[in-house]
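Have a look at the structure below before the remarks.
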Amino acid sequence: MNHTSLQTIRDEHATLAAMLRSMRMLVLRGPSDSPQQFFDVLRAMLFYIDEFPERLHHTKESELLFPCVLRAAPALKDTLQRLDRDHQLSEKAVRELQHLLLAWELLGDSRKEAFVTAATQYLDRYQDHMELEESVILPEAEKLLTEADWKALDAAFKENTDPLGGKFPPDPAYDRLFTRIVLKARGNSGPDQRAI
Ligand SMILES: [Fe+2]
Ligand SMILES: [Fe+2]
């Protein structure tokens with residue numbers, strides 16, 4: 001069955017996974033001979049993640065999807081609690097990363113390792129998180145949620161991307177920001193690294 005809310009979540013995961021892959025490659029490669037562009041691209045990526053998935057995607061999952069899944073499959077309580085906890089922790093973690101990146105940029109290489117370690121940990125955790133949602137939560141939702149659940153979810157996802165009151169309405173600015181990051185990242189990494 002084709003549920004638009006489920007498709008939205010999968011589409012957002014795909015976009016985010018591409019961004020995270022690109023970020024991992026940039027971090028591994030380092031600033032090389034264009035540090036300004038390197039820091040600009042990473043800063044824009046972290047800003048995008050803070051603005052979009054951390055505030056919109058996670059909120060939709062925690063507030064709309066997870067309660068339906070918990071009702072239909074109480075045995076998944078621990079898994080859902082872990083995913084909810086991830087949402088809370090990763091919002092803090094992305095802010096911390098922005099600070100650590102600035103420290104590296106402004107204070108120099110003595111602060112590089114702290115950023116690289118934290119960024120790698122963040123990327124690993126985020127990847128695990130999305131894999132768990134894709135492999136356990138979404139298939140269970142597809143199997144167990146009722147038509148009434150899907151009707152409510154699809155309507156909520158379609159009409160209001162922010163269930164907490166429209167504070168962050170759908171905004172083409174996110175698309176523009178994402179496009180700029182892609183272009184800049186390609187410019188920074190050269191023709192051989194088409195991460196996104
Ligand atoms: Fe999530
Ligand atoms: Fe997700």
TODO: Please verify whether the range 135-147 includes one or more residues that are surrounded by 12 or more Cβ atoms within 10 Å (Cβ to Cβ), touching a helix residue (DSSP H, G or I) at 6+ places or on another chain (Cβ under 9 Å), of a type in the set (D, E, K, R) and modelled with pLDDT of 90 or more.
DONE: yes
Open item on the list: Return the residues of the range 55-68 that are in contact (Cβ under 8 Å) with a residue 40 or more places away in the chain, more than 11 Å from ligand 2 (Cβ to nearest atom) and not aliphatic (A, V, I, L, M); say none if nothing qualifies.
Closed with: ARG55, GLU63, CYS68
Task: Single condition VAL41 does not satisfy, out of (1) modelled with pLDDT of 90 or more; (2) surrounded by fewer than 21 Cβ atoms within 10 Å (Cβ to Cβ) - done: (2)
Task: Residues being over 17 Å from VAL41 (Cβ atoms) and within 15 Å of ligand 1 (Cβ to nearest atom) - total across the range 93-123 - done: 1
TODO: Answer yes or no: is there a residue in the range 7-18 that is part of a helix (DSSP H, G or I), more than 12 Å from ligand 2 (Cβ to nearest atom) and crowded, with 17+ Cβ neighbours inside 10 Å.
DONE: no
Open item on the list: Residues that are aliphatic (A, V, I, L, M) and in contact with a Leu (Cβ under 8 Å, 6 or more places away or on another chain): does the range 14-25 have at least one?
Closed with: yes
Task: PHE47 vs. criteria farther than 27 Å from ALA152 by Cα, touching a Pro at 6+ places or on another chain (Cβ under 8 Å) and in a helix (DSSP H, G or I) - done: no
Open item on the list: Which count do you get for residues in the range 52-76 that are more than 16 Å from ligand 1 (Cβ to nearest atom) and either in a helix (DSSP H, G or I) or out of contact with any helix residue (DSSP H, G or I) (no Cβ under 7 Å at 6 or more places or on another chain) (or both)?
Closed with: 4
Open item on the list: So ASP86 passes all but one of these: (1) near ligand 1 (Cβ under 9 Å from one of its atoms); (2) acidic (Asp, Glu); (3) without any contact (Cβ under 8 Å) to a residue 24 or more places away in the chain. Which condition number does it fail?
Closed with: (3)
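The rows are residues; the columns are (1) farther than 18 Å from PRO31 by Cβ; (2) surrounded by fewer than 15 Cβ atoms within 10 Å (Cβ to Cβ); (3) away from ligand 2 (no atom under 16 Å from the Cβ).
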| residue | (1), (2), (3) |
| --- | --- |
| LEU70 | yes, no, no |
| LEU80 | yes, no, no |
| ARG85 | yes, yes, no |
| GLU91 | yes, no, no |
| TRP104 | no, no, yes |
| SER110 | no, yes, yes |
Task: the range 19-38 - residue that is hydroxyl-bearing (Ser, Thr, Tyr) and more than 17 Å from the chain's Cα centre (by Cα) and, of those, surrounded by the fewest Cβ atoms within 10 Å (Cβ to Cβ) - done: SER32
Open item on the list: Can you say whether MET19 is within 16 Å of ligand 1 (Cβ to nearest atom), aliphatic (A, V, I, L, M) and modelled with pLDDT under 90, as far as the supplied structure shows?
Closed with: yes
- [ ] Could you please tell me which pairs satisfy a Cβ distance under 8 Å, a separation of 6+ or placement on different chains, a first residue in the range 113-135 that is touching a residue at least 12 places away in the same chain (Cβ under 8 Å), and a second residue that is of a type in the set (Asp, Glu) and in a helix (DSSP H, G or I)?
- [x] ALA118/GLU96; ARG125/ASP86; HIS129/ASP86; GLU133/GLU61
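The values are calculated or read from the model by the stated rules, or taken from the named source; none is laboratory data. Because the structure is a prediction, the values reported are computed rather than measured. Note that we place each Cβ from the backbone using ideal geometry, even for glycine, and neighbour counts take in every protein chain shown.
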